[in-house]
Amino acid sequence: ADHRNGSSEPLIKLPTIKFTKLFINGQFVDSISGKTFETIDPRTGELIARVAEGDKEDVDLAVKAARHAFDHGPWPRLSGSERGRIMMKFADLIDEHIEDLAALDTINAGKLFNWGKAVDIPQTAHNFRYYAGAADKIHGEVLKMSRELQGYTLREPFGVVGHIIPWNFPSAMFSMKVAPALAAGCTMVLKPAEQTPLSALYYAHLAKLAGLPDGVLNVVTGFGPTAGAAVASHMDIDKVSFTGSTEVGRVVMQAAATSNLKAVSLELGGKSPLIIFDDADVDKAAELALMGILFNKGEICVASSRVYVQEGIYDEIVKKLVEKAKAWKVGDPFDPTVRHGPQVDKKQFEKILSYIEHGKREGATLLTGGKPACEKGYYIEPTIFTDVKEDMLISKDEIFGPVMSLMKFKTMEEAIKCANNTRYGLAAGIVTKNLDVANTVSRSIRAGVIWINCYFAFDKDCPYGGYKMSGFGRDMGMEALHKYLQVKSVVTPIYNSPW
Ligand code: ADP
């Protein structure tokens with residue numbers, strides 16, 4: 001509890017760090033090597049705690065526990081409503097610990113505390129309730145077979161699942177992966193990002209309190225190339241569900257292919273376009289565009305990092321954006337008036353600043369921002385570039401920070417062409433009052449989610465994931481439940497037929 005807020009007066013009592021060990025087979029344990037690693041507060045760059053550093057041997061133990069829980073334990077054999085009941089209890093416990101969980105994600109990932117309390121952690125609980133409600137509604141189909149055969153399908157749990165998750169939404173991401181897999185009857189090993197191990201361990205503790213049997217959920221904290229790679233290449237994991245960079249997604253898929261051909265789902269990077277047409281309300285559109293890139297300090301894979309504005313309102317939008325960006329407050333994420341906190345770590349902070357330098361060198365015009373925002377910690381100013389050309393790095397690469405590329409277009413056809421000119425396909429936004437335009441553009445853009453006159457309108461019922469190099473497979477909604485189920489066909493003759 002030494003971790004004070006950046007301001008002189010502490011705004012809230014910071015949580016005591018209770019869980020820093022691996023969670024394997026229902027117990028908190030040290031890593032076999034005894035090694036630990038530092039977890040850092042990005043508000044100050046200072047140490048929060050040391051956390052157990054899991055490696056291959058620890059992943060082996062966790063998989064053994066998950067395999068035993070799957071092959072012999074109660075979890076896959078419980079009725080769906082019994083699984084649902086435990087998940088509901090887990091959700092209630094999450095609600096009871098909102099303050100602690102939100103504070104952990106604030107000190108570990110630099111996320112806004114109030115937003116965590118009001119939105120992120122409650123939604124994490126809701127995700128568990130949503131899939132808890134689905135756990136007793138998993139069923140197959142009766143098949144219309146030819147000849148004298150009858151057939152039906154069973155939906156069975158996929159088996160032992162490995163989840164590898166990133167640091168930008170430690171809580172939401174945990175629930176998006178774990179909740180549907182639990183509802184399906186799978187058992188699992190989760191590897192949180194090395195930057196944000198704290199809340200995942202806390203969730204593991206709450207899951208145990210809720211009555212989740214030992215071995216069903218294991219959490220191995222550690223680094224990507226060691227613990228993460230051990231998950232991706234494990235011979236006894238049936239499916240790996242990964243969210244992170246496109247670069248690492250490729251490595252995970254290769255490891256899956258060269259080990260046991262485990263099934264893979266990948267949710268990867270993005271460079272999502274937001275297209276603002278002439279008929280838009282300028283003030284609202286500018287607000288949306290800014291929120292689309294600055295929310296969670298741009299550390300969100302669906303961020304609207306490319307903004308295309310139709311020529312008729314371009315100048316007005318530019319003016320509004322700069323005005324609003326200058327008024328956007330960056331600072332301690334515990335301060336309720338702050339709109340965004342620090343980037344997650346020094347590496348990301350430096351990477352973003354180097355992209356900004358690159359943008360300047362390539363000849364884009366820096367309209368506002370471009371510098372660190374505070375003396376200490378990893379804060380970056382809201383940054384807007386204009387005169388960005390399609391072949392510039394800042395318009396092609398995912399920067400994962402508060403950096404917008406602004407571009408002008410004339411016709412809808414041109415906007416569609418530019419929007420699709422990317423290797424990614426995670427999300428897109430459209431701002432217009434014209435229904436025909438909205439419909440045409442939504443169907444023409446190759447991306448997993450299209451937001452019309454809104455952005456980041458997430459809901460637990462809405463599947464999302466990528467087209468193209470943004471990956472495949474969907475998180476959230478019933479699609480995610482099906483991701484953790486296998487279909488088995490059962491066929492039998494109706495009469496004593498020659499078959
Ligand atoms: P980011 O660039 O957003 O940090 P990464 O793709 O590097 O995203 O990380 C996402 C997750 O993937 C983290 O949990 C990280 O530890 C893990 N990871 C990184 N490298 C590997 C790897 N070689 N194999 C498996 N997992 C990895």
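A short reminder: the numbers here are calculations on the coordinates, not readings from a lab. Just so you know, these numbers come straight off a predicted model, no measurement behind them. Every residue, glycine among them, receives a Cβ derived from its backbone with ideal geometry; neighbour counts consider all protein chains shown.
For this structure, a couple of remarks:
- Within the option set Leu294, Leu290, Leu274, Leu261, being away from the ligand (no atom under 11 Å from the Cβ) and assigned to a loop (DSSP other than H, G, I, E, B) holds for one residue only, Leu261.
- Lone unmet requirement of (1) closer than 17 Å to Leu481 by Cβ; (2) in a helix (DSSP H, G or I) for Leu154: (2)
- Hits in the stretch 216-232 (condition: surrounded by fewer than 24 Cβ atoms within 10 Å (Cβ to Cβ) and either more than 8 Å from the ligand (Cβ to nearest atom) or closer than 20 Å to Thr124 by Cβ (or both)): Thr226
- Failed item, numbered, when Glu156 is tested on (1) among the acidic types (Asp, Glu); (2) out of contact with any strand residue (DSSP E or B) (no Cβ under 8 Å at 6 or more places or on another chain); (3) over 30 Å from Lys329 (Cα atoms): (2)
- The stretch 192-212, residues that are away from the ligand (no atom under 14 Å from the Cβ) and either of a type in the set (D, E, K, R) or in contact with a Cys (Cβ under 8 Å, 6 or more places away or on another chain) (or both): Lys208
- Taking the stretch 471-492 as the range and being surrounded by fewer than 23 Cβ atoms within 10 Å (Cβ to Cβ), in contact with a strand residue (DSSP E or B) (Cβ under 6 Å, 6 or more places away or on another chain) and among the small types (Gly, Ala, Ser) as the test, the residues that pass are Gly473, Ser489.
- Screening Asp60, Asp92 for residues that are part of a helix (DSSP H, G or I) and within 28 Å of Asp30 (Cα to Cα) leaves exactly one candidate, Asp60.
- For the stretch 325-366, the set of residues classified as in a helix (DSSP H, G or I), over 14 Å from Asp397 (Cβ atoms) and aromatic (Phe, Trp, Tyr) consists of Phe349 only.
- Where helices (runs of 4 or more DSSP H) fall entirely within the stretch 163-248, those with at least 2 residues that are in contact (Cβ under 8 Å) with a residue 12 or more places away in the chain, more than 17 Å from Leu266 (Cα to Cα) and out of contact with any Pro (no Cβ under 8 Å at 6 or more places or on another chain) are at 170-184, 198-210.
- Residue count for the stretch 339-395 satisfying the condition of being in contact (Cβ under 8 Å) with a residue 40 or more places away in the chain, more than 16 Å from the ligand (Cβ to nearest atom) and among the aromatic types (Phe, Trp, Tyr): 1.
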